[in-house]
1. Just the residues that are assigned to a loop (DSSP other than H, G, I, E, B) and modelled with pLDDT of 95 or more, please, taken from segment 1-22.
2. Just the residues that are of a type outside the set (Asp, Glu), more than 19 Å from Thr75 (Cα to Cα) and touching a residue at least 24 places away in the same chain (Cβ under 8 Å), please, taken from segment 1-38.
3. Could you please find all residues in segment 26-58 being at pLDDT 95 or above and more than 27 Å from Val68 (Cα to Cα)?
4. Would you pick out the residues in segment 59-76 that are exposed (fewer than 10 other Cβ atoms within 10 Å of the Cβ) and either modelled with pLDDT under 85 or basic (Lys, Arg) (or both)?
Amino acid sequence: MNQTVVSKWFGDLEATIDHLGIRCMPNYFWNVDETGIQDCFVPHKVVGEVGKPCYQSTFCEKGKTTTVIAAFNATGTYVKPVVIMSGN
């Protein structure tokens, strides 16, 4: 990433916003973020309710990755998070 690449990207964004005529329409501007969570359950001694299972989620190289996607727009409208679990 450098100044030239970033400037070109923002220039293209400005041109697209003007071409679409959405500059004053914040409900058209969405932020979408994705994160991957790896689950790896390692038994440890924990403080918890008697008779109830307790788990600790730890990041590790083994385990399955769960993807979580969140999205909201410039007016504060949001959609429920999308959770994508591993299929195997």
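The values are calculated or read from the model by the stated rules, or taken from the named source; none is laboratory data. Every value quoted in this text rests on a predicted model; they were computed, and no experiment measured them. Please note: Cβ atoms are built from the backbone with ideal geometry, for glycine as well, and neighbour counts cover all protein chains shown.
1. Of everything in segment 1-22, those that are assigned to a loop (DSSP other than H, G, I, E, B) and modelled with pLDDT of 95 or more turn out to be Gly21, Ile22.
2. Within segment 1-38, Thr35, Gly36, Ile37, Gln38 meet the criteria.
3. none
4. Matches in segment 59-76: Phe59, Glu61, Lys62.
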